[in-house]
């Protein structure tokens, strides 16, 4: 495969308004001395954070938290953070990665782009680029499990079997935790079962929830209403980890009953920082390298349920908006011969 490519204008997905998706041209990406130019092969769509932004449910004044994002949450905005591609050019001071390397970058959906070389994570050269886009989700799942502090032999209930919920459930199982997942969508339940996860459609009956007597509940569904169910599933001094970002959605939580009497803990998990008690030994680079190693240890190919050409981006977003739960992990592809 040749990796020398002429610099051409790039094309990128922009959210121009609520539920409005456009592909716009940008100037040719030109790397500086410490940069690399990447030709995208696949980019993953986040059905939690990204669709919330597209629906206009993110606080308009919230600062963007990645240097590759552009615009504002009040639109227009170039959003996305899971791109895999090959290095086609590098600045004169760059020694690593090499031309032709397959890399993951926290970057929006764009045909080619320039980033600092230090921001790229080199993947196995023979890896499926679509599976590589799961690295961002795996990094989030690692942080969630760290925040959850699972103990060997505990019982955890994971709400939501979207991509992050699936990965959290699998990592908890690796840590020796017994897991019960809750997911209302049929297709996602089927995928969870292929990964060895015990999954229920719901636990609506109060007696069923009380019978759970779980040590840990992890909320990954994006539904604030799941928090009260999570609280009702816990044993004395259990803990609820909130992995979902609700944006402008509000959670009505009953704190006057079981939450108070059982001395439960409510914990926020967010991937933007390392848990403070680990900060002396871990940084974001070490965390993402762990996530990369986990990608190769687990069979994650069943999670890639939709591959759609970049030019048809709107059709994929429309499917995800109109049919929540119909996809597990959906990717845009840029070069069918490489993905």
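Using packing as a proxy for protection, rank 133-139, 47-53 so that the peptide with the highest average count of other Cβ atoms within 10 Å comes first.
Highest to lowest by the protection proxy: 133-139, 47-53.
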- Task: Within the stretch 240-264, which residues have the backbone N less than 20 Å from the label spot 7 Å out from residue 198 along Cα→beta-carbon, could you tell me?
- Result: 240-241
- Message: Once R0 is set to 30 Å, what does the formula 1/(1 + (r/R0)^6) return for the Cβ-Cβ distance between residue 124 and residue 8, expressed as a FRET efficiency to the nearest 0.05?
- Response: 0.60
- Top of 106, 126, 155 by mean-square fluctuation, Gaussian network on the chain, Cα under 10 Å: 126
- Between the stretch 196-255 and the stretch 33-90, what is the C-alpha centre distance in whole Å? 30
- Query: Where does helix 313-322 land angle-wise versus the long Cα axis of the chain, in degrees 0 to 90, nearest 10?
  - Reply: 10
- What order, most packed first, do the peptides 164-171, 26-33, 311-318 have when packing is the mean number of other Cβ atoms within 10 Å of each residue? 164-171, 311-318, 26-33
- Message: Rounding to the nearest 10 and keeping the result within 0 to 90°, find how far the Cα-based axis of helix 284-297 lies from the longest principal axis of the chain.
- Response: 80
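Over the chain, what is the relative contact order in whole percent, taking alpha-carbon pairs under 8 Å and six or more residues apart?
With pairs under 8 Å counted, the relative contact order is 18 percent.
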- What the Cα atoms of the chain span along the principal axes, largest first and in whole Å, is 64, 40, 36
- Item | Relative contact order %, the stretch 151-234, counting alpha carbon pairs below 8 Å whose residues are six or more apart | 35
- Message: Taking 8 Å as the Cα distance limit and 6 or more residues as the minimum spacing, I'd like the relative contact order of the stretch 137-276 as a percentage.
- Response: 25
- Task: Rank-order 215-226, 275-286 by packing density, defined as the average count of other C-beta atoms within 10 Å over each peptide's residues, highest first.
- Result: 215-226, 275-286
- Item | Rounded if a/c under 1.5, otherwise prolate or oblate - the stretch 244-339, Cα gyration tensor axes | oblate
- Compute the length gained on full extension between residue 235 and residue 70: take 0.36 nm times their separation in residues and subtract their Cα-Cα distance, giving the result in nm to one decimal. 55.0 nm
- Message: Is the C-alpha gyration tensor of the stretch 182-295 telling us rounded, prolate or oblate? Criteria: a/c under 1.5 is rounded; beyond that, a/b larger than b/c is prolate, otherwise oblate.
- Response: oblate
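Values quoted throughout were computed directly from the atomic coordinates according to the rules given, and no laboratory measurement underlies them. Just so we're clear, the structure is a prediction, and the values are computed from it rather than from any experiment. Heads up, the Cβs are rebuilt from the backbone with ideal geometry, glycines too, and the neighbour counts pull from every protein chain shown.
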